[in-house]
Amino acid sequence: MNKQTFALVVIRISLGLIFAIHGGAKFAGGIGGTAAFFESISIPSFLAYIVATIELVGGVLLIFGVLTKIISALFVFIMLGAIFTVKGPLGFLDGYELEFALIAMSVTTFIASDWKTVFAFVPTTKQITEVSS
């Protein structure tokens with residue numbers, strides 16, 4: 001495995017871990033609290049279940065390289081939602097810097113994956129070459 005491939009795998013697995021842990025925490029702490037928070041900022045409470053599920057299941061799938069393009073795109077939308085509904089007014093520092101970094105990681109993962117591959121724990125050399133061309 002070359003350095004570029006290794007770097008992409010580290011980014012993808014780290015991103016998956018972060019989202020899986022955050023999604024799991026939403027369920028472990030009682031999803032009702034997250035649903036109530038969503039309601040308090042005028043977001044339908046049922047979306048808390050959808051977001052937490054995408055974070056947990058999507059994070060695990062991303063760790064194993066399953067559906068990486070779809071999952072990373074969903075993560076971008078979730079983070080944009082967090083920025084525009086909650087974190088934006090706080091500014092970059094102590095606000096949305098984490099969401100910004102997660103968007104960058106998600107976009108990197110999106111670009112590095114392809115639509116043809118459903119599962120790729122480690123991207124093939126061909127995939128890496130196609131991305132860098």
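Here, each number is a calculation from the coordinates, and none is a lab measurement. Note that the structure is predicted; figures quoted are calculated from it, not measured. Please note: Cβ atoms are built from the backbone with ideal geometry, for glycine as well, and neighbour counts cover all protein chains shown.
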Original post:
If you find the alpha carbon centre of the stretch 3-39 and of the stretch 48-66, how far apart are they in angstrom?
Top reply: 7
**OP:** List every residue whose amide H lies under 5 Å from the amide H of V66, counting only residues 5 or more places away in sequence or on a different chain, with H placed 1.01 Å from N in the peptide plane.
**Re:** A120
Original post:
Rounded to the nearest 500 deg cm²/dmol, what is the calculated helix-only ellipticity per residue at 222 nm for the chain, with -39500 (n - 2.57) per DSSP H run of length n ≥ 4?
Top reply: -23000 deg cm²/dmol
Subject >> Least to most buried among S40, S72, S14 (fewest other Cβ within 10 Å first) >> reply: S40, S14, S72
Original post:
Can you give the relative contact order of the stretch 1-123 as a percent, counting alpha carbon pairs under 8 Å and 6+ residues apart?
Top reply: 32
Original post:
Among all helices in the chain defined by DSSP H, which have a length of 24 Å or more along the axis from Cα atoms plus a Kyte-Doolittle mean of at least -1.0?
Top reply: 3-28, 46-63
Original post:
If each of F64 and Y49 carries a label point 7 Å out from its Cα toward its Cβ, how far apart are those two points in nm?
Top reply: 2.4
Original post:
If you place +1 on the Cβ of every Lys and Arg and -1 on the Cβ of every Asp and Glu, how big does the dipole about the Cα centre of the chain come out, in debye to the nearest 20?
Top reply: 380
Original post:
How much length is gained on full extension from S42 to D114, taking 0.36 nm per residue of separation minus their Cα-Cα distance?
Top reply: 22.3 nm
Subject >> Fewest-first sequence of K3, K87 by Cβ atoms within 10 Å of each Cβ >> reply: K3, K87
Original post:
Under a point spin-label approximation (7 Å from Cα along Cα-to-Cβ), what is the I31-S14 distance to one decimal in nm?
Top reply: 3.0
Subject >> Percent of alpha-carbon pairs separated by more than 24 Å within the stretch 1-114 >> reply: 25
Original post:
In what order do T68, T85 fall by count of nearby beta-carbon atoms within 10 Å, going from fewest to most?
Top reply: T85, T68
